[in-house]
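The values are calculated or read from the model by the stated rules, or taken from the named source; none is laboratory data. Note that the structure is predicted; figures quoted are calculated from it, not measured. Counting neighbours? That spans all protein chains shown, and the Cβs are built from the backbone with ideal geometry, glycine included.
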Amino acid sequence: MDKILEILEEVRPDVDFRKEKKLIDDDILDSFDIITIVSEFNEEFDIDIDVEDLEPENFNTIEAMEELITRLQDE
């Protein structure tokens, strides 16, 4: 979780990722942010986030992102 938070804070230091629960639904993260985050996650965690994984529920919270990364690492 710490590495995920570190990546997120590098992309958007102005957002409190621990508190926010609707990062996509409330338009806190835009498409450019998501592309950057996905790229960083893919590199850092040696995963491949596919187009079908780019669902709002996978990126609305830091917990959802952690679940996505864990699931992809287990595949």
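Which of the residues belonging to segment 7-24 are surrounded by fewer than 12 Cβ atoms within 10 Å (Cβ to Cβ) and not basic (Lys, Arg)? Residues satisfying the conditions are GLU10, PRO13, ASP14, ASP16.
I need every pair where a residue in segment 55-67 that is part of a helix (DSSP H, G or I) has its Cβ under 7 Å from the Cβ of a residue that is of a type outside the set (A, V, I, L, M), sequence separation at least 6 or different chains. Cβ pairs passing all conditions: PRO56/ASP25; ILE62/PHE17; ILE62/ARG18; ALA64/GLU57; ALA64/ASN58; MET65/ASN58; MET65/PHE59. Taken over segment 1-43, the criterion of being part of a loop (DSSP other than H, G, I, E, B) and aliphatic (A, V, I, L, M) is satisfied by MET1, VAL15, LEU23, ILE24, ILE28, LEU29.
Does THR70 fit the bill of being among the hydroxyl-bearing types (Ser, Thr, Tyr), buried (at least 16 other Cβ atoms within 10 Å of the Cβ) and at pLDDT 95 or above?
It is false that THR70 is among the hydroxyl-bearing types (Ser, Thr, Tyr), buried (at least 16 other Cβ atoms within 10 Å of the Cβ) and at pLDDT 95 or above.
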